[in-house]
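Okay, structure first, notes after.
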Ligand SMILES: *Cc1c(COP(=O)(O)O)cnc(C)c1O
């Protein structure tokens, strides 16, 4: 693919922030990758260009009917100063699944990967050197055609922006308190829960706010039909360790197929753990806790990697997990994955690529 590189002049580059006070998603780099799609030309005009505003028609279809999808992955700087990516092509493949579900055009994965590499080469000084910090990568696709008819658009924009982000656990790898909602649902069977599409996140905000107002960090989502089976936690997949069995809900269609989820399943199976992808109800979890068998609960996702859960609050009752302490498996998975992502340990299955 032809990619034009339009570099911002050195005198106009932004001042890079201190790697120790980054937060999440508030700072953006100097350049972005952009390409356009229309029915006649397909994807075209690929370029690395200045990070700047877009201009749209007020009737741009994304603003009305929500054809918008995205991905999230990270670039990590190792001690050897190399820049590492974790399973990047899996993110692009998942983006194609989201595109197909939302009737948007798919991407040529090798072309987009080339675009991502060109962008990262241009911006490599932005990958923080601080332990735990990384450069978050946000590929996005939106419908730009102007029109008010409800149908798939004929014009789209694909772009990748980059944001240096801080360590997720600056104060240590500590468990969080979770609110189990039976009032709101995240996704429904036959809906778009397995697509990384913008509307899913808009729909989740109210439940998250209500949970936060009551002092909880995140929401645990139950299935929409029975309000009983566990689906996800916040924007993460979820795992339970009951006795010796590791359980995670199956990819039924309303759950986002996380790459971290897939990675931890593979790692644990390689370690000889019994991992079941099966339905698990909130009642089963509370029962296991009352019998002293609920050994661990943790979320998985690119942002936090592993997020240990210390307690669950459901129907005015609290169940505590492992006395509110981080479990062994959560800690081992976190360390193992971080060691691969920062290039300290080799990764199996070709999971790590470097720039
Ligand atoms: C992105 C996301 C995940 C985690 O996916 P990873 O590929 O592991 O980052 C889980 N659930 C939801 C709803 C998500 O949007």
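The values are calculated or read from the model by the stated rules, or taken from the named source; none is laboratory data. Predicted model only: the values in this text are computed from it and were never measured. No Cβ is skipped: glycine too gets one built from the backbone with ideal geometry, and neighbour counts run over all protein chains shown.
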May I ask you to list the residues in segment 5-26 that are surrounded by 11 or more Cβ atoms within 10 Å (Cβ to Cβ) and either touching a strand residue (DSSP E or B) at 6+ places or on another chain (Cβ under 6 Å) or outside any loop (DSSP other than H, G, I, E, B) (or both)?
5, 6, 8, 22, 24, 25
Looking at 93, 131, 171, 114, can you tell me which residue is more than 16 Å from the ligand (Cβ to nearest atom) and modelled with pLDDT of 95 or more?
114
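So how many residues does segment 221-238 have that are within 12 Å of the ligand (Cβ to nearest atom) and outside any loop (DSSP other than H, G, I, E, B)? Spell out how you get there, then give the answer.
Quick first cut of segment 221-238, residues within 12 Å of the ligand (Cβ to nearest atom) only: 221, 231-238.
Subset that is outside any loop (DSSP other than H, G, I, E, B): 221, 231-233, 236-238.
Looking only at that region, the number is 7.
Look through 300, 260 and report the one residue that is within 11 Å of the ligand (Cβ to nearest atom), surrounded by 21 or more Cβ atoms within 10 Å (Cβ to Cβ), assigned by TED's automatic domain parsing to the domain that holds residue 201 and in a strand (DSSP E or B).
Working: 260 fails: in a strand (DSSP E or B).
Step by step, each of 300, 260 is checked, and only 300 is within 11 Å of the ligand (Cβ to nearest atom), surrounded by 21 or more Cβ atoms within 10 Å (Cβ to Cβ), assigned by TED's automatic domain parsing to the domain that holds residue 201 and in a strand (DSSP E or B).
Based on what the data block shows, is residue 209 more than 16 Å from the ligand (Cβ to nearest atom), within 21 Å of the chain's Cα centre (by Cα) and crowded, with 16+ Cβ neighbours inside 10 Å?
Values: more than 16 Å from the ligand (Cβ to nearest atom): yes; within 21 Å of the chain's Cα centre (by Cα): yes; crowded, with 16+ Cβ neighbours inside 10 Å: no.
No: the conditions fail for residue 209.
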All-but-one check, residue 105 against (1) outside any helix (DSSP H, G or I); (2) within 16 Å of the ligand (Cβ to nearest atom), failing number (2)
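Is it true that residue 32 is in contact (Cβ under 8 Å) with a residue 12 or more places away in the chain and within 16 Å of the ligand (Cβ to nearest atom)? Show your work before the answer.
On the way: in contact (Cβ under 8 Å) with a residue 12 or more places away in the chain: yes; within 16 Å of the ligand (Cβ to nearest atom): no.
No.
When you look at residue 241, is it within 20 Å of the chain's Cα centre (by Cα), more than 12 Å from the ligand (Cβ to nearest atom), surrounded by 22 or more Cβ atoms within 10 Å (Cβ to Cβ) and more than 22 Å from residue 352 (Cβ to Cβ), yes or no?
Numbers: within 20 Å of the chain's Cα centre (by Cα): no; more than 12 Å from the ligand (Cβ to nearest atom): yes; surrounded by 22 or more Cβ atoms within 10 Å (Cβ to Cβ): yes; more than 22 Å from residue 352 (Cβ to Cβ): yes.
It is false that residue 241 is within 20 Å of the chain's Cα centre (by Cα), more than 12 Å from the ligand (Cβ to nearest atom), surrounded by 22 or more Cβ atoms within 10 Å (Cβ to Cβ) and more than 22 Å from residue 352 (Cβ to Cβ).
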In this structure, is residue 323 at positive phi, away from the ligand (no atom under 15 Å from the Cβ) and part of a helix (DSSP H, G or I)?
yes
Check segment 286-293 and report whether any residue there is buried (at least 21 other Cβ atoms within 10 Å of the Cβ) and within 16 Å of the ligand (Cβ to nearest atom).
no
Yes or no: residue 216 more than 30 Å from residue 99 (Cα to Cα), in contact (Cβ under 8 Å) with a residue 40 or more places away in the chain and assigned to a strand (DSSP E or B)?
no
Residue match in segment 149-163 (condition: surrounded by 21 or more Cβ atoms within 10 Å (Cβ to Cβ), farther than 17 Å from residue 72 by Cα and in contact (Cβ under 8 Å) with a residue 60 or more places away in the chain):
yes
As an exercise: evaluate residue 38 against (1) loosely packed, with under 12 Cβ neighbours inside 10 Å; (2) in contact with a strand residue (DSSP E or B) (Cβ under 7 Å, 6 or more places away or on another chain) and give the number of the one condition it does not meet.
(1)
Quick test of your reading of the structure: residue 252 fulfils all but one of (1) over 27 Å from residue 86 (Cβ atoms); (2) within 16 Å of the ligand (Cβ to nearest atom); (3) at pLDDT below 95. Name the failing condition by number.
(1)
Residue under evaluation residue 268, criteria (1) away from the ligand (no atom under 16 Å from the Cβ); (2) over 30 Å from residue 65 (Cα atoms), criterion not met:
(1)
